[in-house]
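Student: Just passing along the structure, written as structure tokens.
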Amino acid sequence: MDLGKVETLVKAQQLRDQFDNLEKHTQWGIDFVEKYTKFVKERSEIEINYAKQIRNLSKKYQPKKNSKEEEENKYSSCRAFLSTLNELNDYAGQHELIAENLTSQIISELTRYTQELKTERKSHFHDGRKAQQHIENSWKQLESSKRRFERDCKEADRAQQYFEKMDADINVTKADVEKRCSHKARQQAQMRHQMAADSKGEYSSYLQKFNQEQNEHYYTLIPHIFQKIQEMEERRIERVGESMKTFAEVDRQVLPIVSKCLDGMTKAAESIEPKSDSKQVVESYKSGFEPPGDVEFEDYGQPMKRTVSESSLSNSRGEAKPEKPSSKSKGKLWPFIKKNKGSGPEDFSHLPPEQRRKKLQAKIDDINKEIQKEMDQKDALTKMKDVYVKNPQMGDPSSVDPRLAEISQTIEKLQFEAQKFEGWLAEVEGRLPVKSDPPRRQSGLYETQNNIQTTVNNCAQDRESSPDGSYTEEQSSETQIKVPSTEFDDEFDDEETLPTIGTCKALYPFEGHNEGTISVAEGELLYVIEEDKGDGWTRVRRNEEEEGYVPTSYVEVFLDTNAKADIFCVHHSVNCSPITAV
């Protein structure tokens with residue numbers, strides 16, 4: 001094998017190795033782009049999940065509607081916290097924006113570019129292999145023509161040698177045989193020489209063609225393909241670099257908004273006013289109670305002096321009843337009265353005066369808003385009806401009447417409600433002739449009642465507020481003493497178990513929110529263990545462990561005459577006559 005052939009084979013092998021190395025490297029480059037794309041995608045998912053968690057956190061601590069948390073927003077610290085939650089929600093939105101920009105500006109672009117890169121790489125290596133295959137085929141043709149030329153030359157030499165041998169053979173004696181063989185050998189030699197000449201020309205032509213193609217292959221085609229592959233790689237590297245820069249810029253773009261969110265949180269924190277909040281607390285829970293007066297000294301050394309607070313309906317009939325020891329007193333100072341755990345009555349009478357006034361005023365404002373809303377709807381419907389009257393083709397005027405009637409009824413109901421609450425508000429604000437006792441603290445369970453007329457008036461007043469409104473007696477024009485709502489404690493266990501003096505039937509349902517009271521259902525039968533002492537309350541028992549006070553106007557009492565008389569006699573140690581049942 002000559003040196004030129006060896007050099008050509010070495011170059012072809014080196015070129016083939018270069019293509020293999022370049023193919024591996026460019027495939028690694030594509031894998032790197034896909035790896036970076038996956039990294040950005042996972043970062044985007046993290047941002048989305050983080051934003052979602054931040055939003056859920058903000059939503060979780062948002063004040064609920066119609067709840068106590070919503071009322072607490074009047075404090076500056078609560079408003080600051082609400083502002084912080086809103087800013088945090090905007091902060092989460094910026095992280096969602098980061099995820100969105102990463103997806104649109106990097107992930108989508110790199111995914112599309114990776115597909116283009118794969119297609120371009122495949123095209124370049126296809127062209128390279130095609131050029132390599134072409135030069136190899138040209139090389140094979142050259143080798144084939146060369147071998148053919150070599151073979152024809154050898155055949156021509158053998159034919160020439162055979163002719164010369166036949167021409168010089170002395171053993172052939174006959175002239176015609178000699179001439180015939182010599183002529184045939186000469187023709188064969190000439191034909192072989194001609195074939196060798198043709199093969200030489202063909203070999204020379206292929207050689208010239210191969211050299212030209214080889215020169216074009218190594219100096220034009222392959223360098224051009226390598227150049228394209230190099231440019232493709234440079235573009236890939238540049239594209240990855242731009243994506244990495246965009247990766248940082250996406251974060252940088254939201255920094256001003258994030259900074260504003262943080263500034264908003266700081267501003268909200270700086271807006272907190274401790275003194276203002278404390279004043280709000282004072283204003284919210286100011287009771288309006290008058291401070292109690294000094295507790296009067298009760299001289300038990302004078303056995304016949306009784307406080308009027310222990311008088312009952314039987315006392316008004318000339319019967320005396322001894323006082324309960326002061327240790328059994330049910331009275332409590334108003335700052336220490338336990339709050340009602342229920343929703344309370346409609347007139348908010350379970351609240352302190354100032355709080356009751358605020359609640360009533362708020363209720364009146366809400367009703368007035370509803371009235372105004374209904375009035376606006378009524379005005380709109382009235383105008384619509386006028387339009388229908390003037391233009392019958394637009395609609396039937398009578399079609400509006402049912403809705404107008406319904407709104408009018410609603411307005412009347414709301415106005416009635418407003419008047420009711422305004423009456424209660426006027427009572428609280430002192431616009432009604434309400435007279436209170438001097439600030440004096442008695443040791444008994446109930447406050448002093450001046451006379452039987454006052455007791456009857458108070459009972460009538462309770463009946464006027466009965467649930468079904470069945471009692472409509474007007475208040476007496478005489479001077480009345482309004483009995484403030486009494487809070488009963490639950491110290492029944494400290495007393496002896498009282499015997500039953502009768503039964504009663506609940507005329508209306510009553511929910512005992514205050515301590516010492518008991519809830520009853522309409523029609524329920526209960527045992528009476530202590531009658532009404534003139535304050536409008538009767539003490540009843542449901543079972544051995546459940547007893548308390550109910551409004552006298554809410555029950556129908558049936559006293560056991562004999563039992564009542566016996567109990568009275570036992571307490572007073574005197575002979576008594578039977579008491580007529582109430």
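The values are calculated or read from the model by the stated rules, or taken from the named source; none is laboratory data. Nothing here was measured: the structure is a model prediction, and the numbers come from that model. All Cβ positions, even for glycine, are placed from backbone atoms using ideal geometry, and neighbour counts span all protein chains on display. All accessible areas refer to the heavy atoms of the entire protein, side chains included, with ligands and DNA or RNA removed. Shrake-Rupley method; radii C 1.70, N 1.55, O 1.52, S 1.80 Å.
Student: For segment 83-146, which whole-number percentage of the solvent-accessible area (1.4 Å probe, protein heavy atoms only) is attributable to carbon and sulfur atoms? If you can, show how the numbers build up before the last one.
Tutor: On the way: 1580 of 3190 Å².
Exposed carbon and sulfur together represent 49 percent of the surface.
Student: If ligands, DNA and RNA are left out, what is the accessible area of LYS505 with a 1.4 Å probe, given in Å² to the nearest 10?
Tutor: Using a 1.4 Å probe on the heavy atoms, I get roughly 90 Å².
Student: Using θ = phi - 60° and the Karplus relation 6.51 cos²θ - 1.76 cosθ + 1.60, list the HN-Hα couplings for segment 411-417 in order, rounded to whole Hz, with x at every Gly or Pro.
Tutor: The phi angles translate into 5, 4, 4, 5, 5, 4, 4 Hz.
Student: On to the next question. What spacing in nm lies between the two simple spin-label points modelled at ASP90 and GLU109, each 7 Å away from Cα in the Cβ direction?
Tutor: Taking the two extended label points, one gets 2.9 nm.
Student: Roll a 1.4 Å probe over the protein heavy atoms and report the accessible area of HIS25 in Å², nearest 10.
Tutor: Surface open to solvent at HIS25 totals about 90 Å².
Student: Using modelled amide H (1.01 Å from N, peptide plane; none on Pro or chain starts), what sits under 5 Å from the amide H of ILE529, excluding residues fewer than 5 places away?
Tutor: ILE501, ARG539, VAL540, ARG541
Student: Count neighbours as other Cβ atoms within 10 Å of each site's Cβ, and list the chymotrypsin sites (Phe, Trp or Tyr not before Pro) in segment 227-299 that are DSSP loop with at most 16 such neighbours. It would help to have the intermediate numbers written out before the result.
Tutor: Working: sites: PHE247, TYR285, PHE289, PHE297; in loops: PHE289, PHE297.
Here the sparse-neighbourhood loop sites are PHE289, PHE297.
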